[in-house]
Amino acid sequence: MNSASDRLAAMPSLSHPLQFVLVALAGWVNQQQRDVIDYLREENRVLREQIGTGRLRFTDDQRRRLAAKARTLGRRLLREFATIVTPDTLLTWHRTLIAKQYDGSTRRGPGRPPVMNEIRALIVRMATENRGWGYTRIQGALANLNHEVSRGTIATILRQHGLEPAPDRLKKTTWTEFLKTHWEVLAAADFFTVDVWTSRGLTRFAVLFIIDLSTRRVHIAGIASEPDSAWMSQISRNLTDVGDGFLNGKRFLIHDRDPRFTLAFRETLAAADVQVVRLPPRSPNLNAYAERFVRTIKESCLDRMILVGEASLRRALREFAAHYHHERNHQGVGNQLIVPLAEHPNHEGGIACRERLGGLLKYYHRAAA
């Protein structure tokens with residue numbers, strides 16, 4: 001199995017920010033491999049702690065740590081990679097860990113009362129969402145919420161949930177964390193083709209679009225039957241126009257190695273401080289949001305129409321873009337509309353249906369009172 005680092009090694013050298021982007025993108029594709037590596041590292045730590053003790057005897061803390069790492073792998077991967085205990089044992093430890101988390105028997109005994117479940121959940125949340133926060137930092141954040149908790153208690157709770165101390169947590173950057181950090185300055189570009197009947201017969205048009213990764217807004221940048229370098233240069237100037245360029249405020253544009261993304265296109269973007277990130281060959285998953293839009297527009301619209309003339313193609317793209325932004329719910333943005341229409345909310349009117357392209361695209365809403 002070729003690793004992400006092997007594929008990146010074959011790429012031309014890029015500036016440091018671009019290497020960081022590509023490493024993060026490749027890391028997203030290999031999340032399962034990273035989960036396996038995390039488990040094997042924890043297993044290795046436990047084995048080193050057992051050196052010199054003879055027979056393997058696991059402490060409750062070691063069982064919790066292995067169970068926390070194993071829960072993301074599943075039984076199939078555990079059979080392949082777990083070496084010191086069986087998958088069934090690991091999964092049993094995980095179920096025990098969950099059961100202990102909700103065990104209220106300790107509250108019935110004498111001694112110091114345990115930390116409330118709400119505070120325990122808050123400690124785990126703070127440590128998970130802020131990898132660089134140590135015990136003292138978490139203690140201070142809890143004090144801001146009027147919760148007085150000792151550092152030792154915080155350390156114990158994190159160990160019980162299989163969370164490492166801050167230095168170990170800080171070494172790992174997930175793809176989700178990277179996107180949240182750079183979300184507002186990332187965009188992606190791609191082409192898709194459409195066959196249209198014209199006076200010359202069946203003609204294939206190339207459609208270039210740009211997608212804003214943070215909002216999922218899509219901009220149809222251009223349509224051409226034979227896009228050339230001059231056409232691409234004009235498109236790049238339109239995208240970076242100071243007044244209404246779609247890439248205003250963006251720092252990085254991701255696209256594949258399609259030869260239609262010409263050198264002149266990239267140079268014009270670079271002059272406007274938009275760095276181009278060229279993805280490795282044959283890696284559509286690294287441009288997943290753009291690929292998903294292509295699938296959506298083809299399945300919902302273009303593959304269900306017979307287009308006659310370039311004007312009909314432009315009309316179909318224009319109508320679908322309006323439907324996509326104002327009338328279609330998107331799972332990637334909480335199953336909400338990207339840009340809701342500025343209409344007065346009406347909770348009592350009758351149900352109306354707005355149709356586009358002869359009823360191919362529909363939007364149901366309350367009729368205005």
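Quick look at the values:
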| read-out | value |
| --- | --- |
| Criterion violated by E291 - all others in (1) surrounded by fewer than 19 Cβ atoms within 10 Å (Cβ to Cβ); (2) more than 15 Å from I211 (Cα to Cα); (3) under 18 Å from the mean Cα position of the chain (by Cα) satisfied | (2) |
| Residues of the stretch 310-334 satisfying the condition of being outside any helix (DSSP H, G or I) and surrounded by fewer than 15 Cβ atoms within 10 Å (Cβ to Cβ) | N329, G334 |
| Matching option when the condition is more than 20 Å from the chain's Cα centre (by Cα) and buried (at least 18 other Cβ atoms within 10 Å of the Cβ), among L307, L279 | L307 |
| Filter result (buried (at least 20 other Cβ atoms within 10 Å of the Cβ) and within 14 Å of A290 (Cβ to Cβ)) within the stretch 253-276 | L253, I254, H255, D256, F261 |
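Every number in this text was worked out from the coordinates using simple rules, so none of it is lab data. Computed from a prediction, not measured in an experiment: that's the story for all the values here. No Cβ is skipped: glycine too gets one built from the backbone with ideal geometry, and neighbour counts run over all protein chains shown.
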